[in-house]
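> One structure, pasted below without further comment.
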Amino acid sequence: MSTNSPLPPTTTTTASNLFAAVDMGTNSFKLTLVRIDPSSRRLIILHRLRRPVLLGLDASTSALTTTLSSASLNRSISALLKFKSYLHSHRLTPSHLRLVATSAVRESSNNSEFIRTINETLGYNVEIISGTEEARFTYLGILQFFPLFKSRVLAIDIGGGSTEFTVGFEGNVLFSKSLRLGHVTLSKEFTDVTGMREHIRNVLEKSGLIEKIKEFKIDVVVGSSGTIKAIEKAASRGYTREVEENVGVSEDLFKRQWKFSREELRCLMEKLCNEEEMGLAGKVRRVGFFKGRAEFILAGTILLNEVFERLEIEEIEVSGYALGEGVITEMLERDFEGFDLNVNARWRSVGRLASRFNNKKRMRAATMCAGIAREIFEGLRRTSELCDDEFSMPLDDMDLEYLEAASLLHNIGLCTGEKGYHKKSYRVIVNGDHLHGYTKEEIKLIAFLVRHHRKKFPSDALDGSTNEKFKLLCTILRVSVTLQRYLPVNFQTMEFLRSSEGFKLVLSEGEARNQSPGIVEWEPLLSEGINSHVEKELEHFKMVFKKSLSVVTSSSS
């Protein structure tokens, strides 16, 4: 499953903008490696690695114990060695990595020895986090996936050894509680469904959790972790039916619903219980779908169903991000002053809308357009900073975000045909509740950019300074859309430079930035046939910015 947002192709990866977290859970260890866009601070998932470890499960007796066995330690070191080798190949900065251990290590009697052995063997410092910290990190991760900063969120995270409940609002935790109810512990402690269900009910009742959560006015319930994501996948792909209706359908992030209802959960639980009674045939079917999670999915489903019943939950949203992303988010807040908790969720809503209306070909075109627009924007801003009063570029990081959003959405109206597609794109943006985390004025600006990237500027599109900003952004968008549509070369890099006449956008099939001037020639890009389309927008650029822009390609001598 991919969890990447659409990325402008000009973003580069260096050790300084890589961050990673290792979630040392009861069932498995999970490594999350992300790249942070230097200007927007958007979090882009590069890779996820998962290794089953089953901490606390003794290899010889298969019995749960409060002491971490030598077999558990060996499995842990083996998993972390694989992670270390992988991170070393990416030259990750040591301060950009955090390893956190949850309930299995937290509750073990020999956790100090366990942590010390890992430190001596691998040189890693492992933090044992409390249930409260675990809940807070999960909430921070959810905020990077969904635009819920202004909503009162109940977050539920089912782990192997415990389940965390968190009520959060505007980035702050209002209430959290960790219960020793996990899909691994329940699976190993109970062999019958009735006994498991009664135990879950008793723990929930004695904890006072239900009454406490009901004191809050919850706007949305969000689930995270592999168990809840597996339940959502089963619900969306028709696992409760004899034949999965949607097997083989793309699991693209933005096309999934990422939610399921109380009724869907109940049907899945009944299906899994029936399979339990079927014996081998039921087990084979379950393993075929749930893979390594098959052994524990029934316990997780029963647990979640009991929570739904007690809290009267009708629907749950499912977050693709959880603890690991939350740990990384805290690192970003530490390293980047003024880090915006909403930026990732905003961008994700843009990406979901773009993918909803675009096929793969149009999505690639939109992403390329966003990359060109960004290079021009940042090139103009660099020039403005260097030239003092010679050239002014009164736009900031949020303006770049509006431009990239419009670039990614400019062609969504093409799903109904070429004619007037920009107007259709505009109507989709303004008439639907698609873009989250933006104000009405910001959505209006993005929609106007999409609406007018093919036509003349409207005289009264927006008011005051916003109208001036609109003219600059729309000009960049118009050039970017035209270049994307009529580029005659399959370029890999681009670079915005100053020239004697004004500016130059250099396109290259290789790494032109790293070549020496002696082996690079600049060739005019424009050729007869596409000349009129591109030159028209370049003339418009010169009129707005008072500087000319030429587009050239680089080639080896």
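> How would you classify region 326-403 from its alpha-carbon gyration tensor, with a ≥ b ≥ c the square roots of the eigenvalues: rounded for a/c under 1.5, else prolate if a/b is greater than b/c, otherwise oblate?
Cα axes put region 326-403 in the oblate bin.
> Figure the gain on full extension for ARG262 and ASN172 (residue separation times 0.36 nm, minus the Cα-Cα span) and round it to one decimal in nm.
My answer for the length gained is 29.6 nm.
> Between region 151-221 and region 312-352, how many Å separate their Cα centres?
What the calculation gives is 21 Å, centre to centre.
> Take THR191, THR475 and sort them by solvent-accessible surface of the protein heavy atoms, 1.4 Å probe, largest at the top.
THR191, THR475
> Let me ask something else about it. What distance in nm separates the simple spin-label points at SER384 and THR117, each placed 7 Å from Cα in the Cβ direction?
Once both label points are built, they end up 5.8 nm from each other.
> Oh, and also: Considering only protein heavy atoms, with the full assembly of protein chains and a 1.4 angstrom probe, order GLU215, GLU198 by accessible area, largest first.
GLU215, GLU198
> Suppose every Lys and Arg Cβ carries +1 and every Asp and Glu Cβ carries -1, with no other charges. What dipole size does region 282-322 come out with about its Cα centre, to the nearest 20 debye?
In total the dipole reaches around 520 debye.
> Which one of GLY324, PHE336, CYS369 has its Cα pushed farthest toward the positive end of the charge dipole of region 287-389, where Lys and Arg give +1 and Asp and Glu give -1 at the Cβ?
Positive-end residue among those listed: CYS369.
> Determine the distance separating the Cα centre of region 401-437 from the Cα centre of region 65-142; give it in Å without decimals.
Rounded to whole Å, the Cα centres lie 44 Å apart.
> Would you check the accessible area of GLU312, probe 1.4 Å, heavy atoms only, in square angstrom rounded to 10?
About 120 Å², rounded to the nearest 10.
> By the gyration tensor of its Cα atoms, with a ≥ b ≥ c the square roots of the eigenvalues, what is the shape of region 138-235: rounded for a/c under 1.5, prolate for a/b over b/c, or oblate?
It is oblate, given that a/c is not under 1.5 and a/b is not larger than b/c.
> Choose one of THR163, TYR139, SER109: the residue whose Cα lies farthest towards the positive end of the charge dipole of region 87-175 (beta-carbon charges +1 Lys, Arg; -1 Asp, Glu; about the Cα centre).
Projecting each Cα onto the dipole axis, the largest value belongs to TYR139.
The values are calculated or read from the model by the stated rules, or taken from the named source; none is laboratory data. Everything quoted here is computed from the prediction, not taken from an experiment. Here the Cβ is made from the backbone with ideal geometry for all residues, glycine too, and neighbour counts use every protein chain on show. What goes into the accessible areas is simple: the full protein's heavy atoms, side chains included, and nothing from ligands, DNA or RNA. Shrake-Rupley method; radii C 1.70, N 1.55, O 1.52, S 1.80 Å.
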